[in-house]
Amino acid sequence: MSEVTQLIHHYLRHNKKFPHMLCAGCGHGILLGSLIRSVHNAGLSKDEVVVISGIGCSGRLAVYVDFNTIHTTHGRALTFATGIKMANPELVVIVLMGDGDALSIGGNHLIHAARRNIGVNAIILNNEIYGMTGGQCSSTTPQDCFSMTTPFGQLEKSFDIVDMALASGANFVARTTAFHAQLTDEVIGQALANPGFNLIEFFSPCHTQYGRKNKYKNAIAMYQDLKSKTMDVDKYKALEESKREGVMPIGVFLKRDDPALETRYAGVRAKLQEAKQKKAEAAKAAQAKPAKAKEPKPDKGAKGKETKQDKGDKA
Amino acid sequence: MKKKRTQLFALGNEAVVEGALLAGCTFFAGYPITPSSEIMEVMAQRLPMEEDSVFIQMEDEIASMGAIIGASLAGRKVMTATSGPGFSLMQELIGYGCMVEAPMVIVNVMRGGPSTGLPTSPAQGDVQMARWGTHGDHPIIVLSASTVQQCLDMTITAFNFAEKYRTPVILLLDEVTAHTRERFELPFAEEYEVFSRITPSVPPEWFHPFQDSLRGVPPMPPLGAGYRVHVTGLTHDEMGFPTQRPEEIEEAISRLFRKIDQFYPDIMMVEEYKTEDAEVAVIAYGSVARSAHHAVDRAREEGVKAGLLELKTLFPFPRPQVVKLARRCKCLLVPEMNMGQMSREVKRVNNGITRVRTINRVDGRIITPTQILKNLTQI
């Protein structure tokens, strides 16, 4: 218990931020706890961690933790993360997004961040609803479920975040839920150690906005539902096709260590610098030579270099 | 012996890149759009070669803005370039930039609008949008340039203003200025000033990230330097945390305005040409100012005492200079390639002192010296 207290004192901001605004039964706090434990276990300092969040219930999480925190606009958290990681690759960037954030308004940024394999850890807190704005359907609200804007049932299909991340080229893809805190600790830990774009989908029940409209008696019923319908991904893969209906696989779907964008960029820069240095040395050598030999070679070399730089546009 | 400046012959867009690099820009994110693409292309070529610099092409203009704000918070001098449609997409995050006081430069090469409009023709239709595009009450600095040399100079100025006042600065070019190829000179290092943001000098536990001061511009630590600031687009108190208290909101927003307001004399830049004895004065900006310059010369030959006030700062609007001129002249002539966006400002500050006439052109062609001359001689 004392360990928990220590973590709380070390990683949460004390002044003016509490009590937090999350509802009773919300899963977001479980993720925040996991995040703190994972960062602690990874041995990262608070100064090198940047937590970026979007808008919505998940967006408010950033303010509670004592890292470098940025609360951005709706859906754009990943673009900020891309800029920050490219500007300073030393930083450990963690992005917290909701399902509306990551898949509706920011869907484009999600697939592109995965495609370019930028070294960012993205955690999508999926509560299948727009919680903060009052319970409107989101792009992960299951078909036939009810919300404020689908009073007669959702007609559209919902996104599968894991499938989307796999298809977009992410380096690490995992799914976990608020019921599986230990698994969450583990996958966040794995993600923090993995290069490139790491995506974790975290199922977070929202009884206030989603459960009440969809015949869940209370928040506990939603957690029990998560417990009963989830299955380890390896077991799920061994399952017959016909038995997969209604089962949600959890765990690590993909893990590879393709070099991240910032690493590849550094590689290109190193090459360019090397070429630049060689060129400068060659120019120096050419300049040193004519002192001995009479031919005025350096002029030619210097001229060639200049015109190349200015593309012959010297007036 | 006098050293000679390096002379280059290039596009206005390329001069913007030269200016940005001289000013210390080390991060560019963008999305291709005519007629600003050259800025991005040259940046893609140059930045990876420069010391510790980053170039990245994003998936859209919104993402470009997100990336440069992120990089700005990480301590970089940042820039993006776009044109009308992209500028529309950027507006939300320009407001975010104002709120979190992130220094950044946004170049908007204006093309014909509305909507997709005339991608390869000039216009000046984004003037009021640059001022009021993003939602909410906010201060902003908008600059303009009329020659390729000015493209370079004003880009340096834009970076300096952004860093000095911790605000987004918009550089409004039009297609003609951006795509004119002419000679310009690179200034020597001692000929221009480069300003970098002030970083906190107190230890992290004493630091109040958005505290008011005489200057009104708080120091800005880069991410990862130990200050662990909370940055949010919500209205925040001086510690950076969201607030709902009226007195804190009032303080935060009024400081945003004051930090620009109190430096008006530094920010408002105009260039006067033959205005000392002018009876009619042309007020112009961008490529139109060049036509006006020529028209003034020709009008003088014809015996009309004409002058030119070229606006280099569009917003905050150079009110004192315009009023001074209005008091002296029989008429102010405002030619622009839109239906009258800057002339609104001129009429507002003129407030009945003298006559204000406008020339408006929205057919995708430039306003010619002859057109201005004809109006000058008629007055």
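The values are calculated or read from the model by the stated rules, or taken from the named source; none is laboratory data. Fair warning: this is a prediction, and the values are worked out from it, not measured in the lab. Here the Cβ is made from the backbone with ideal geometry for all residues, glycine too, and neighbour counts use every protein chain on show.
Look at (1) at pLDDT 95 or above; (2) part of a loop (DSSP other than H, G, I, E, B); (3) charged (D, E, K, R) and you find that residue A:16 fails only one, number (1). Note on region B:75-93: among residues that are surrounded by fewer than 24 Cβ atoms within 10 Å (Cβ to Cβ) and more than 20 Å from residue B:157 (Cα to Cα), the one that is nearest to the other protein chains (Cβ to nearest Cβ) is B:92.
Counting the residues of region B:9-50 that are touching a strand residue (DSSP E or B) at 6+ places or on another chain (Cβ under 6 Å), among the hydrophobic types (A, V, I, L, M, F, W, C) and more than 24 Å from residue A:269 (Cα to Cα) gives 3. Scanning region B:61-81 for residues that are on the phi < 0 side of the Ramachandran plot and part of a loop (DSSP other than H, G, I, E, B) returns B:74, B:76, B:77. Here residue A:86 meets the list (1) more than 8 Å from every other protein chain (Cβ to nearest Cβ); (2) in contact (Cβ under 8 Å) with a residue 60 or more places away in the chain almost entirely, failing just condition (1).
Within region B:292-301, being surrounded by fewer than 24 Cβ atoms within 10 Å (Cβ to Cβ) and under 27 Å from the mean Cα position of the chain (by Cα) holds for B:293, B:294. Scan region B:345-379 for residues that are within 26 Å of residue B:132 (Cβ to Cβ) and in a loop (DSSP other than H, G, I, E, B) and the total you get is 9.
Among the residues of region B:326-344, those identified as part of a helix (DSSP H, G or I) and of a type outside the set (A, V, I, L, M, F, W, C) are B:327, B:328, B:343, B:344.
Matching residues to (1) out of contact with any Leu (no Cβ under 8 Å at 6 or more places or on another chain); (2) more than 21 Å from residue B:113 (Cα to Cα):
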| residue | (1), (2) |
| --- | --- |
| B:282 | no, yes |
| B:304 | no, yes |
| B:319 | yes, yes |
| B:332 | no, yes |
| B:343 | yes, no |
| B:374 | yes, yes |
| B:379 | no, yes |
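Return the residue satisfying two criteria in turn: it lies in region B:302-321 and is crowded, with 22+ Cβ neighbours inside 10 Å and farther than 25 Å from residue B:108 by Cα, and of such residues it is farthest from the chain's Cα centre (by Cα). Per the criteria, the residue is B:306. Listed here are the helices (runs of 4 or more DSSP H) enclosed by region A:96-211 that have at least 1 residues being away from chain B (no Cβ under 14 Å) and under 13 Å from the mean Cα position of the chain (by Cα): A:161-168, A:181-193. If I ask for residues that are under 15 Å from the mean Cα position of the chain (by Cα) and either more than 7 Å from chain B (Cβ to nearest Cβ) or part of a loop (DSSP other than H, G, I, E, B) (or both), which ones from region A:63-73 would you list? Of everything in region A:63-73, just one residue is under 15 Å from the mean Cα position of the chain (by Cα) and either more than 7 Å from chain B (Cβ to nearest Cβ) or part of a loop (DSSP other than H, G, I, E, B) (or both), namely A:72. Considered as a group, the residues in region B:1-55 that are within 11 Å of another protein chain (Cβ to nearest Cβ) and in a helix (DSSP H, G or I) include one that is nearest to residue B:111 (Cα to Cα), and that residue is B:14. Looking across region A:34-62, not a single residue is crowded, with 24+ Cβ neighbours inside 10 Å and among the acidic types (Asp, Glu).
Of all residues in region A:222-263, which are among the aromatic types (Phe, Trp, Tyr) and either assigned to a strand (DSSP E or B) or touching a residue at least 24 places away in the same chain (Cβ under 8 Å) (or both)?
Quick first cut of region A:222-263, residues among the aromatic types (Phe, Trp, Tyr) only: A:223, A:236, A:253.
Within region A:222-263, A:223, A:253 qualify.
Residue count for region B:11-57 satisfying the condition of being more than 30 Å from residue A:112 (Cα to Cα) and either buried (at least 24 other Cβ atoms within 10 Å of the Cβ) or in contact with a Cys (Cβ under 7 Å, 6 or more places away or on another chain) (or both): 4. In this structure, is residue B:63 at the interface with another protein chain (Cβ under 7 Å from one of its Cβ atoms), surrounded by 20 or more Cβ atoms within 10 Å (Cβ to Cβ) and out of contact with any His (no Cβ under 7 Å at 6 or more places or on another chain)? It is false that residue B:63 is at the interface with another protein chain (Cβ under 7 Å from one of its Cβ atoms), surrounded by 20 or more Cβ atoms within 10 Å (Cβ to Cβ) and out of contact with any His (no Cβ under 7 Å at 6 or more places or on another chain).
In this structure, is residue A:247 β-branched (Val, Ile, Thr) and surrounded by 15 or more Cβ atoms within 10 Å (Cβ to Cβ)?
On the way: β-branched (Val, Ile, Thr): yes; surrounded by 15 or more Cβ atoms within 10 Å (Cβ to Cβ): no.
It is false that residue A:247 is β-branched (Val, Ile, Thr) and surrounded by 15 or more Cβ atoms within 10 Å (Cβ to Cβ).
As a summary of the residue check, residue A:24 satisfies the conditions (1) in contact with a Gly (Cβ under 9 Å, 6 or more places away or on another chain); (2) away from chain B (no Cβ under 14 Å); (3) not β-branched (Val, Ile, Thr) except for the one numbered (1).
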